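So the structure is just underneath, and the comments pick up after that.
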Amino acid sequence: MGLRERKKERTRAELQRHALRLFRDHGYAATTVDDIAAAAEVSRSTFFRYFPTKEDVVLFDDVDPVMEGVAAELPAGTPLLEAVRLIVRGGFGSLDDEARALEEVRMELARSVPEIAAILRERNSFGVEQIAGMVSRGIGRPTDDPEVLLFAGVVVGARYAALARIHAGAASSYIDELDAMLSRLVAGIPLADEPIRAPRPDPARSRA
């Protein structure tokens, strides 16, 4: 990447940081494009040169390239599940404290703002097909291999489990919770061999 491209990436990242701070402090709906431009000390037209819409500020993800770099450096022979954990931890571990906190804000907005969540669903972001593609490239098996798809589904399931814990108020950091969920899978699928219990009789039905 040349100097000009690096400067553009820095400007884009700086605009997003100002936007996420404002979203965190004042709310997404209450923050305007003009507010973001003023905080970053740029013009409204400069903002739109980098982000076509306010939603795009949230959708911009500069952690993915870091994760790709981590993946490229993993040694051959790394177990696949451990590789996923290392990629996730390496990507988010590269962030300083404020950037990590703002990344949590960004992901919360992606979950809670309907128009942003709809775009992500349409793009199938972090979906089974996307994960299967990465797994396929990593281990050299077809993307429609049933085991590749099943593994991808398990990873996506770990993400949803982490989100459920966040929504239930049982965890505060999505990044940490996702890593914890992935670590649980090292021993296998939890409860897979747990015997189901016989249902207890319904007293009301017994009296009838």
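Does Ala164 satisfy being open to solvent by less than 60 Å² (accessible area, probe 1.4 Å), under 19 Å from Ala180 (Cα atoms) and in contact with a helix residue (DSSP H, G or I) (Cβ under 7 Å, 6 or more places away or on another chain)?
The answer is no for Ala164.
Mind checking whether some residue in segment 38-49 is assigned by TED's automatic domain parsing to the domain that holds Ala152, surrounded by 13 or more Cβ atoms within 10 Å (Cβ to Cβ) and of a type in the set (Ser, Thr, Tyr)?
No: segment 38-49 contains no residue that is assigned by TED's automatic domain parsing to the domain that holds Ala152, surrounded by 13 or more Cβ atoms within 10 Å (Cβ to Cβ) and of a type in the set (Ser, Thr, Tyr).
Quick one: which residue in Val128, Val135, Val148, Val155 is crowded, with 18+ Cβ neighbours inside 10 Å, in the same structural domain as Ala83 (by TED's automatic domain parsing) and touching a residue at least 60 places away in the same chain (Cβ under 8 Å)?
When all the criteria are applied, what remains is Val155.
Within segment 10-47, how many residues turn out to be under 25 Å from the mean Cα position of the chain (by Cα), assigned to a helix (DSSP H, G or I) and either hydroxyl-bearing (Ser, Thr, Tyr) or under 27 Å from Ser112 (Cβ atoms) (or both)?
Of the residues in that region, 19 qualify.
Condition check ((1) modelled with pLDDT under 90; (2) of a type outside the set (Val, Ile, Thr)) across all residues:
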| residue | (1), (2) |
| --- | --- |
| Gly93 | yes, yes |
| Ala110 | yes, yes |
| Val113 | no, no |
| Leu120 | yes, yes |
| Ile131 | yes, no |
| Leu149 | no, yes |
| Ala162 | no, yes |
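From the residues in segment 167-189 that are free of Cβ contacts under 8 Å to residues at least 40 places away in the same chain and open to solvent by less than 50 Å² (accessible area, probe 1.4 Å), which one is farthest from Ala110 (Cα to Cα)?
First pass over segment 167-189, keeping only residues free of Cβ contacts under 8 Å to residues at least 40 places away in the same chain: 167-172, 176-177, 180-181, 184, 187-189.
Those left that are additionally open to solvent by less than 50 Å² (accessible area, probe 1.4 Å): 171, 177, 180-181, 188.
Values: Ala171: 18, Glu177: 17, Ala180: 21, Met181: 20, Gly188: 30 Å.
The extreme case among them is Gly188.
If only one of Arg200, Arg205 is on the phi < 0 side of the Ramachandran plot, assigned to a loop (DSSP other than H, G, I, E, B) and either at pLDDT below 90 or of a type in the set (S, T, N, Q) (or both), which one is it?
On the way: Arg205 fails: assigned to a loop (DSSP other than H, G, I, E, B).
Criteria check complete, one pass: Arg200.
Which residues, taken from segment 1-26, are in contact with a Leu (Cβ under 9 Å, 6 or more places away or on another chain) and open to solvent by 30 Å² or more (accessible area, probe 1.4 Å)?
Across segment 1-26, the qualifying residues are Arg17, Arg21, Arg24.
For segment 57-103, how many residues meet the condition of being of a type in the set (D, E, K, R) and open to solvent by less than 40 Å² (accessible area, probe 1.4 Å)?
From segment 57-103, those of a type in the set (D, E, K, R) are 61-62, 64, 68, 73, 82, 85, 89, 96-98, 100, 103; that's our starting set.
Next, from what is left, pick out any that are open to solvent by less than 40 Å² (accessible area, probe 1.4 Å): 85, 103.
Here the count works out to 2.
The values are calculated or read from the model by the stated rules, or taken from the named source; none is laboratory data. Everything numeric in this text was worked out from a predicted model, so none of it was measured. Reconstructed Cβ throughout: ideal geometry from the backbone, glycine too, with neighbour counts over all protein chains shown. Please note that ligands, DNA and RNA were not included when accessible areas were found on the heavy atoms of the full protein model with its side chains. Shrake-Rupley method; radii C 1.70, N 1.55, O 1.52, S 1.80 Å.
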